[in-house]
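Notes follow the structure.
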Amino acid sequence: MRSATVNSTTLNSTDTRPPRERNFWRAYRRALTNSTGVMLAYRSNLLFFFLFETFFLISSFLGAGLGVSLAGGSINGWTRDQIFALTAINGVSHQFFICFFISPLFNMPEYIWNGRMDYVLQKPLHPLLGLMVTSEIVISNLPNLFINVGIAAWFIAATAPASAAHVSSAPVWLLFAALTVLGVAVRYALALFCMTPSFYAERMIQGEDGFWSIVGTGRFPTNVFPRVVERILLYVIPLSMMAAVPAGYLFERLDATQAALAGVSSFVFLGASLLFFNRALKSYQSVNSGM
Amino acid sequence: MLAQQLSVQLGYRLAFAQVAVFEALGLAGTLFYWRAAASNGNSAGSLAGYSTASIVVYFIVASSHMTLEESGLSRTLSMDIRTGKLAASLVRPFPFLLQPVAQGLAYSLSRLFMIGPVLLLIFAGIPQLRDFFVGVAQREGALTWIGAYALSLLLGLACNLVVRLILGVLAFDMTQTWGPELLFMSIFFAFSGAVYPIDLLPASLVEALSWTPLFYMQGLPNLVAIGRITGDPLSAYLIRGVVVLIATTLVLVLMWRRGIRKFEAIGI
């Protein structure tokens, strides 16, 4: 069966991509098909996921709105519409992460604990890619991803007249898009940093709790933090890249240099997380210590 | 059993340290946001009766209460029922439901050890927050206020435990309990007071919610902590909360007895 030949060397000869890359995309397409099938089989779960994320979205906006109302319409220069746009941009990044990356990363500690990681390592792919093709793609969150995109667009449009020249510039939008993508990469790197210690200590499954505790930091405007903390969140551990930097750049709360420096810092953060994973992987003993 | 559960929670020191640091950072983010909101406050300085200090404290307390609540019990119980592993727990010479109770209690205590010192530092170190608490303690009487808060927090943790177990016990009748869990979480976020002060909702809705465990899991302890509910209304809510807890526990026991009768310990 063609779908089962991801290890095969008899691939289409016109495909010039390296074998690993070809393997990944073929397997990932299959994983996507399988995940869709499973999700559609459990249709009630699909509905419940949607309801959960929708209620959570409403709660996030109520919380953010309450803060702005209390502050009299703006917080440290961020208007109500800008805060709502920031909340929605964070929602886009969050939903994208949930859809495509949460299962591979959050399943990893259990795979290490029960020895199932062996199965991932046998695939002709980097283990992180192997995890992606052996885990679920959470398509149930796609509707909320698009809802957040719509809300972000609505509030960005609502706030645009205040900075029309800036927002109408194509390079600004390009950099904004690049920063948003980097925000997802930082989210991924943070999750990797939280989950990878599982290689060193038995059952470090609480990394998930740690991730959820800290990930919300990126949804706050950078200038609500004391200067030192703000700089750490921008340039050292760039959690603000997850939402506050793209939104801050779009709304001129950060200039291009600050955004670019935060971008460089994000690449370093992502690289460090991958190095950490690769190093930790060498500690894997293929021992089933659990379940 | 409690000692064993505590040692499990505290034994993984690396995980403990990681979560403690991250939760402190997460709390700090919330704190800075609401501090900024407070310092930008309008001339009236209040929203629906909330002072800037009280709203900051509300959100810190709410996120702390979320940290204390064991949310994994339902998943564990559901999985044990589904896989048949529950059978191993049933041979122990005491009622099964005591085990998750011990687990939940140990979880809350270990989390209290983690975030308690951080909270004390925050509340004692920031003058506005310290003054706020001193004001509430002077107005209500320190012992009365602390006692009422402790009672409401215990009630909330107990309600959380029972509700989570009810969700887990659904696995006797369902292959997957994700759906009901997620539905519950969505309702919890929207109507418990975890994400915004529950008394900002219409009074009739708050009254209706006070007949559900949701109100006691977050709303009541949060409101008592900031001195928004005191005196006779507080006593009435505490009595009603105990009634709700007993009723919810009865539902759990009935569901458990019904489920355990048809449990076949085979698993899937």
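The values are calculated or read from the model by the stated rules, or taken from the named source; none is laboratory data. This one's a predicted model, so the numbers in the text were calculated from it and none came from an experiment. With ideal geometry, Cβ positions are generated from the backbone for all residues, glycine too; neighbour counts draw on all protein chains shown.
Counting only helices (runs of 4 or more DSSP H) that sit completely within region A:79-154, those holding 3 or more residues that are closer than 18 Å to A:Ala280 by Cβ and aromatic (Phe, Trp, Tyr) correspond to A:102-114. With respect to the conditions (1) touching a Leu at 6+ places or on another chain (Cβ under 8 Å); (2) within 14 Å of another protein chain (Cβ to nearest Cβ); (3) assigned to a helix (DSSP H, G or I); (4) not basic (Lys, Arg), B:Val162 lacks only one, and its number is (2).
Out of A:Gly63, A:Gly73, A:Gly37, A:Gly67, one residue alone is at pLDDT 75 or above and in contact with a Lys or Arg (Cβ under 7 Å, 6 or more places away or on another chain). It is A:Gly73. Go through region A:263-279 and count every residue that is without any contact (Cβ under 8 Å) to a residue 60 or more places away in the chain and within 11 Å of A:Ser240 (Cβ to Cβ). Residues in region A:263-279 being without any contact (Cβ under 8 Å) to a residue 60 or more places away in the chain and within 11 Å of A:Ser240 (Cβ to Cβ): 1 in total.
Residues in region B:59-85 that are part of a helix (DSSP H, G or I) and under 17 Å from the mean Cα position of the chain (by Cα): how many? Here the count works out to 13. Could you list, in sequence order, the residues of region A:121-130 that are buried (at least 21 other Cβ atoms within 10 Å of the Cβ) and either free of Cβ contacts under 8 Å to residues at least 60 places away in the same chain or within 15 Å of the chain's Cα centre (by Cα) (or both)? Within region A:121-130, just A:Gly130 meets the criteria.
Would region A:73-91 turn up any residue that is more than 14 Å from chain B (Cβ to nearest Cβ), in contact with a helix residue (DSSP H, G or I) (Cβ under 8 Å, 6 or more places away or on another chain) and either of a type in the set (Asp, Glu) or surrounded by fewer than 16 Cβ atoms within 10 Å (Cβ to Cβ) (or both)? Scanning region A:73-91, I find at least one residue that is more than 14 Å from chain B (Cβ to nearest Cβ), in contact with a helix residue (DSSP H, G or I) (Cβ under 8 Å, 6 or more places away or on another chain) and either of a type in the set (Asp, Glu) or surrounded by fewer than 16 Cβ atoms within 10 Å (Cβ to Cβ) (or both), so the answer is yes. In region A:204-245, what residues are aromatic (Phe, Trp, Tyr), in contact (Cβ under 8 Å) with a residue 12 or more places away in the chain and more than 7 Å from chain B (Cβ to nearest Cβ)? A:Phe211, A:Tyr235, listed by residue number.
Being surrounded by fewer than 23 Cβ atoms within 10 Å (Cβ to Cβ), more than 30 Å from B:Gly141 (Cα to Cα) and within 12 Å of another protein chain (Cβ to nearest Cβ) is true of B:Phe184.
Among the polar types (S, T, N, Q) and more than 26 Å from B:Val61 (Cα to Cα): is that true of B:Thr175 in this structure? So B:Thr175 passes the test.
The criterion of at least 1 residues that are within 30 Å of A:Leu121 (Cβ to Cβ) and among the β-branched types (Val, Ile, Thr) is met by the following helices (runs of 4 or more DSSP H) wholly inside region A:168-283: A:170-195, A:207-215, A:256-281. Taking the stated definitions as given, is A:Ala243 touching a Ser or Thr at 6+ places or on another chain (Cβ under 8 Å), buried (at least 21 other Cβ atoms within 10 Å of the Cβ) and closer than 20 Å to A:Ala189 by Cβ? For A:Ala243, the condition - touching a Ser or Thr at 6+ places or on another chain (Cβ under 8 Å), buried (at least 21 other Cβ atoms within 10 Å of the Cβ) and closer than 20 Å to A:Ala189 by Cβ - is met. Per the conditions (1) more than 10 Å from chain B (Cβ to nearest Cβ); (2) acidic (Asp, Glu); (3) more than 24 Å from A:Tyr249 (Cα to Cα), the sole criterion not satisfied by A:Glu53 is (1).
Among the residues of region B:187-206, those that are more than 8 Å from every other protein chain (Cβ to nearest Cβ) and either among the hydrophobic types (A, V, I, L, M, F, W, C) or in contact with a Pro (Cβ under 7 Å, 6 or more places away or on another chain) (or both) comprise B:Phe188, B:Phe191, B:Ile198, B:Leu201, B:Ala203, B:Leu205, B:Val206.
Of all residues in region B:80-139, those satisfying the criterion of being of a type in the set (Ser, Thr, Tyr) and surrounded by 15 or more Cβ atoms within 10 Å (Cβ to Cβ) are B:Thr83, B:Tyr107, B:Ser108, B:Ser110.
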